[in-house]
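Visitor: Please find one structure pasted underneath; my questions will follow.
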Amino acid sequence: MKYPIIESDLLIHTDRKEFKLYTDKVLIENLNTIETPIKISVNVVSSDKPDIEDRDWIYNSSLFDIYASTPFIENHVVPVSESFTDFFHKFDSFLEIFENMTQIEGVELAPFSLYFELENSYILKFIFHPIPKETDYVTMLKSAFETIAHLHLEKESELKATIKNSYSRRNNKKYLTFLGGSWKVINPLLEVGKEITQTYRKDRDWRVKKPHIMLNQDNFTRRFIFDSNWVLVFDQFETMLIQPNDVALYSNIAESCLNQAMEFYEKVILPRHKQWHGSFPTLEKQKEYYDYFEIIIQAVIFAYTALEAFANICIPAGWEYQTEANGVKTIYSKEAIERKFQLREKFKKIIRPILNTPDPSLENWWVSFTELENLRNEIIHTKQSTSEERYAKLLSKSVFDIIKNHKSIIQFYGEHISRYKNELLEEYPYEFGYDDVIPGLMTDKNYWKSYKSIHNINLDKSDEEE
């Protein structure tokens, strides 16, 4: 998309001559009642070639388009000018007629869209449909201009980085939508991944590993979805199944055991403490304590194991970590990191720079995590001298929160994976709040070659030559 030359503050594009007349009369003439009004020009643009370049993943048509100039942002939005306030007061009245025209033959349209060219690099498109509840178009437009001003003034910001990292298909257009009172960047690959995920998960267990998704970069409706299949050979039998996600399996074991332990604790152990102050249950009753210990120990071990498995998927293939002591440098590969570093070290030293996280030891979950790690280590590396103290900890109510905490940790890192390392979403488990997958891309040529190969279609000579 080529951004138009704007010789006024705002440029409006429409495909109807009567709209230009209406804008001149109802908006521009009313703006001219103050000394230095916002300058608006209107162009009638042919609709013979509608903007359909991204219609295979988003529908974003509008009745007219607004293009903002950089001088408009600098002179009227930063700081807010009197003309800016006047514009919105009169634009609100001007817009009333269009708010009733957003349904045409059953198709919903936005009254308008807003465009801005950011640093001669990206064309931002602010989508005003669907409109959030309890929000009006004027509020959204004001917020859009403020967002543009923020992006224009700030050299670096999280929003600017998100815009830069979101996928754009050759046209350098970046889409934003209004959510939760502010404008958010839409990543086309993530949106298509969401749609595919919903369909994919309808008949699959949530503990499966996420699929590989490949899109034709020229047409997102053309895609391949590959399960991560295993062929398990055992006892002279073969079984093909979708690879499970280790984190999902281990966490589910921990959750199931935790629920059993909590139910047992509430029904059996607590009443005894109230009745006998926790002292001297019969030998027959003591058996129930041992049953509880078996369940809660499983919950501790598998909650921690889920975190270990999760930490390892956060380390990309080929990643290296370097240390230096007494002038000697040691480089650890991903495999060496997995074997030689404790989990808390992985979170603090290895994963922190990979996922751009703050210091994990300052997070609310850190103390509970270290308690889980210590308790797990005491169980695995049993020492007779501390056994009595260890079993006492397993009877404390606090053990339940320590075990539950493992899910909060996975979700904490899921947010950072989603923001800064979304290629790892394919390894991230379902049911932890980040179910999406970022698809891979392939050229049209490679797509059709793969299509023919998968469907056992013979390649012709021209294909072979290519």
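The values are calculated or read from the model by the stated rules, or taken from the named source; none is laboratory data. Keep in mind it's a predicted model, so treat the numbers as computed, not measured. Heads up, the Cβs are rebuilt from the backbone with ideal geometry, glycines too, and the neighbour counts pull from every protein chain shown. What goes into the accessible areas is simple: the full protein's heavy atoms, side chains included, and nothing from ligands, DNA or RNA. Shrake-Rupley method; radii C 1.70, N 1.55, O 1.52, S 1.80 Å.
Visitor: Scan region 160-179 and give yes if some residue there is closer than 26 Å to Phe87 by Cβ, part of a strand (DSSP E or B) and of a type in the set (S, T, N, Q), otherwise no.
Guide: Yes - at least one qualifying residue is present in region 160-179.
Visitor: Yes or no: region 418-426 includes at least one residue that is modelled with pLDDT under 95, under 28 Å from Glu255 (Cα atoms) and in contact with a Cys (Cβ under 7 Å, 6 or more places away or on another chain).
Guide: Yes, region 418-426 contains at least one residue that is modelled with pLDDT under 95, under 28 Å from Glu255 (Cα atoms) and in contact with a Cys (Cβ under 7 Å, 6 or more places away or on another chain).
Visitor: If a residue counts only when it is modelled with pLDDT under 85 and more than 34 Å from the chain's Cα centre (by Cα), which strands (runs of 3 or more DSSP E) contained entirely in region 34-147 have at least 3 such residues?
Guide: Strands (runs of 3 or more DSSP E) meeting the threshold: none at all.
Visitor: Would a scan of region 352-360 turn up a residue that is over 27 Å from the mean Cα position of the chain (by Cα) and outside any helix (DSSP H, G or I)?
Guide: Scanning region 352-360, I find no residue that is over 27 Å from the mean Cα position of the chain (by Cα) and outside any helix (DSSP H, G or I), so the answer is no.
Visitor: Also, I was wondering about something else. I'd like to know if region 419-431 contains one or more residues that are in a loop (DSSP other than H, G, I, E, B), open to solvent by 20 Å² or more (accessible area, probe 1.4 Å) and over 22 Å from Pro244 (Cα atoms).
Guide: no
Visitor: Answer with yes or no whether Lys155 is open to solvent by 70 Å² or more (accessible area, probe 1.4 Å), in contact with a strand residue (DSSP E or B) (Cβ under 7 Å, 6 or more places away or on another chain) and either under 23 Å from Val77 (Cα atoms) or in a helix (DSSP H, G or I) (or both).
Guide: Considered against the rule, which asks whether it is open to solvent by 70 Å² or more (accessible area, probe 1.4 Å), in contact with a strand residue (DSSP E or B) (Cβ under 7 Å, 6 or more places away or on another chain) and either under 23 Å from Val77 (Cα atoms) or in a helix (DSSP H, G or I) (or both), Lys155 comes out as no.
Visitor: Provide a single number: the residues in region 1-33 that are in a loop (DSSP other than H, G, I, E, B) and of a type in the set (D, E, K, R).
Guide: The number of residues fulfilling the criteria is 5.
The rows are residues; the columns are (1) in a strand (DSSP E or B); (2) not polar (S, T, N, Q).
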| residue | (1), (2) |
| --- | --- |
| Ala299 | no, yes |
| Ala309 | no, yes |
| Thr323 | yes, no |
| Lys329 | yes, yes |
| Ala336 | no, yes |
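Visitor: Within the bounds of region 387-398, is there any residue that is assigned to a loop (DSSP other than H, G, I, E, B), open to solvent by 10 Å² or more (accessible area, probe 1.4 Å) and under 30 Å from Gly318 (Cβ atoms)?
Guide: Looking for residues that are assigned to a loop (DSSP other than H, G, I, E, B), open to solvent by 10 Å² or more (accessible area, probe 1.4 Å) and under 30 Å from Gly318 (Cβ atoms), one finds none in region 387-398, hence no.
Visitor: Here's something else I'd like to know. From the list Tyr434, Tyr447, which one is under 30 Å from Gln217 (Cα atoms), in contact with a Leu (Cβ under 9 Å, 6 or more places away or on another chain) and open to solvent by 40 Å² or more (accessible area, probe 1.4 Å)?
Guide: It is Tyr434.
Visitor: Scan region 333-350 residue by residue and report those that are open to solvent by 50 Å² or more (accessible area, probe 1.4 Å) and either touching a residue at least 24 places away in the same chain (Cβ under 8 Å) or of a type in the set (Ser, Thr, Tyr) (or both).
Guide: Within region 333-350, Glu338, Gln342, Arg344, Lys349 qualify.
Visitor: Still on this structure: Please tell me if Gly181 is more than 22 Å from Ala110 (Cα to Cα), at pLDDT 90 or above and of a type in the set (Gly, Ala, Ser).
Guide: no
Visitor: Mind checking which pairs have a first residue in region 105-117 that is over 13 Å from Tyr3 (Cβ atoms) and a second that is at pLDDT below 75 and among the basic types (Lys, Arg), Cβ under 9 Å, 6 or more apart or different chains?
Guide: Partner pairs satisfying both residue conditions: none exist.
Visitor: Also, I was wondering about something else. Sort through Asp401, Asp463 and tell me the only one that's of a type in the set (D, E, K, R), part of a helix (DSSP H, G or I), surrounded by fewer than 16 Cβ atoms within 10 Å (Cβ to Cβ) and modelled with pLDDT of 95 or more.
Guide: That would be Asp401, the only listed residue that is of a type in the set (D, E, K, R), part of a helix (DSSP H, G or I), surrounded by fewer than 16 Cβ atoms within 10 Å (Cβ to Cβ) and modelled with pLDDT of 95 or more.
Visitor: Among the numbered conditions (1) closer than 18 Å to Cys314 by Cα; (2) at pLDDT 95 or above; (3) acidic (Asp, Glu), tell me where Glu363 comes up short.
Guide: It is condition (1) that Glu363 fails.
Visitor: Regarding region 176-199, can at least one residue be identified that is out of contact with any helix residue (DSSP H, G or I) (no Cβ under 9 Å at 6 or more places or on another chain) and closer than 17 Å to Ala68 by Cβ?
Guide: no
Visitor: How many residues are farther than 22 Å from Asn120 by Cβ and among the aliphatic types (A, V, I, L, M) when one looks only at region 154-203?
Guide: Total satisfying the criteria: 5.
Visitor: Take Ile409 and decide whether it is closer than 26 Å to Trp206 by Cα, hydrophobic (A, V, I, L, M, F, W, C), under 17 Å from the mean Cα position of the chain (by Cα) and open to solvent by less than 60 Å² (accessible area, probe 1.4 Å).
Guide: yes
Visitor: Still on this structure, please answer the following. So, in region 293-305, of the ones that are of a type outside the set (S, T, N, Q) and free of Cβ contacts under 8 Å to residues at least 60 places away in the same chain, which residue ends up farthest from Asp401 (Cα to Cα)?
Guide: Glu294
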